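For reference, the structure I am asking about is given below.
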Amino acid sequence: MAEKEIWIVAEHRGGELREITLEMLREGRKLADKAAGKLCTVLLGHNVQNMASILGQYGTDRVYLAEHPNLEQYSTDGYAAVLTELIQSHEPLVIMIGETPYGKDLAPCLAARTKAGLLAGCVMLKMNDKGAIEGTRPAYTGKVYSTVSSLGKFCVATIRPGVIGVDKSKASLSAEIVEIQPNLESQSIRTKVVGFIKADPSSVDLTEAEIIVSGGRGVGSSQQWQLIEKLAQVIGGSVGGSRVAMDAGWTSRERMVGQTGRTVAPRCYIASGISGASAHLNGIKDSKLIIAINQDRTAPIFKMADMGVVGDLQQILPCLIKQLQETGEQAGTGGTKP
């Protein structure tokens, strides 16, 4: 009987594994244990051997390492060709890919090539009593959750970043490394990366942001929301918001922080006018520094905050913005970072 395998496609950038890869390993570990099988990570790239040894620390049992100059940068043609061949020869139960721009391109292509079902935008995967993979994903802007099930023996699933969280193994584990020799001709790659443009901090995905300025009910209005945006601009941060802020139309679904939005772990998280519902607190608990501004000194968020300011944010934020701007001008940067 063939060994059951749960697969993760590792996403990396600049020689480092991206957070979504580590999140998927946490979810994949649960599935592999349930199936009494192996958790395997497919690592594609060029000169990426050093990352293979790190993966064992996050629970993977086996790394399929495919190195080739034509895999140095992501391309649909190159990655899909290598993965399709691997899937056909190993027949895993599921292959998990991050719900990122890269994953949104790769997953449907891979599903079509392998004639597999696609469970898109999942926040959780599980195996039912019949051995089929089921995915849970939010619907109606997160107000309800739906469950989708794979009908075949194999499926492709994309996982939303910033939801599952990272769980590093307490023990130092060594993963088995299986080297793959892909046969890729340059002419088979129809697209190529010609350069990279550094993203504006305000547009960076919240799961990758170093500094996040979030607002909640206490902001009061869309006009006052401009204070949140201005503070984020001055300190080079990204704008986030609570569920209430999203429902009020002050921020978008992609900018909502919390269990039903984005789980974040920035270097600094500034919460303005957010009381601290449990779902929101669970979404920010891994932040390195939490600063809370709220008029209600009994607000739950103060229990988690490293620094708390009790007061009216409509008075506090303008003063803070002015001080930061003056500090930045003195330093010759036009802004500053905490």
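So, in the stretch 290-315, of the ones that are free of Cβ contacts under 8 Å to residues at least 40 places away in the same chain and in a helix (DSSP H, G or I), which residue ends up surrounded by the most Cβ atoms within 10 Å (Cβ to Cβ)?
Ile301
I would also like to ask the following. Inspect all residues belonging to the stretch 156-165 and state whether any of them is among the polar types (S, T, N, Q), more than 30 Å from Ile321 (Cβ to Cβ) and at pLDDT below 85.
no
Would you pick out the residues in the stretch 163-214 that are of a type in the set (Ser, Thr, Tyr) and within 17 Å of the chain's Cα centre (by Cα)?
Those that are of a type in the set (Ser, Thr, Tyr) and within 17 Å of the chain's Cα centre (by Cα): Ser202, Ser203, Thr207.
Based on what the data block shows, is Gln223 touching a residue at least 60 places away in the same chain (Cβ under 8 Å), out of contact with any strand residue (DSSP E or B) (no Cβ under 7 Å at 6 or more places or on another chain) and not small (Gly, Ala, Ser)?
No, not satisfied.
Which pairs have Cβ atoms under 7 Å, sit 6 or more apart or on different chains, and link a residue in the stretch 73-89 that is assigned to a helix (DSSP H, G or I) to one that is among the charged types (D, E, K, R)?
Final answer for the pair search is Thr76/Asp105; Asp77/Arg190; Ala80/Arg113; Thr84/Arg113.
Got a number for residues in the stretch 221-248 being assigned to a loop (DSSP other than H, G, I, E, B) and buried (at least 21 other Cβ atoms within 10 Å of the Cβ)?
Residues in the stretch 221-248 being assigned to a loop (DSSP other than H, G, I, E, B) and buried (at least 21 other Cβ atoms within 10 Å of the Cβ): 2 in total.
Any chance the stretch 254-274 includes a residue that's without any contact (Cβ under 8 Å) to a residue 40 or more places away in the chain, in the same structural domain as Glu208 (by TED's automatic domain parsing), surrounded by fewer than 21 Cβ atoms within 10 Å (Cβ to Cβ) and not in a helix (DSSP H, G or I)?
The answer is no; no qualifying residue exists.
Within the stretch 95-154, count every residue that is among the aromatic types (Phe, Trp, Tyr) and surrounded by 16 or more Cβ atoms within 10 Å (Cβ to Cβ).
2
Looking only at residues in the stretch 56-100 that are within 21 Å of Cys122 (Cβ to Cβ) and among the aliphatic types (A, V, I, L, M), which one is nearest to the chain's Cα centre (by Cα)?
Ranking the qualifying residues of the stretch 56-100, first place goes to Ile97.
Moving on. Would you check if there is a residue in the stretch 204-212 being at pLDDT 95 or above and within 30 Å of Ser146 (Cα to Cα)?
The answer is yes, given that some residue of the stretch 204-212 is at pLDDT 95 or above and within 30 Å of Ser146 (Cα to Cα).
The values are calculated or read from the model by the stated rules, or taken from the named source; none is laboratory data. Only a predicted model underlies this, so the values are computations on that prediction, with no experimental measurement involved. Glycine also receives a Cβ, built like all others from the backbone with ideal geometry; neighbour counts cover every protein chain displayed.
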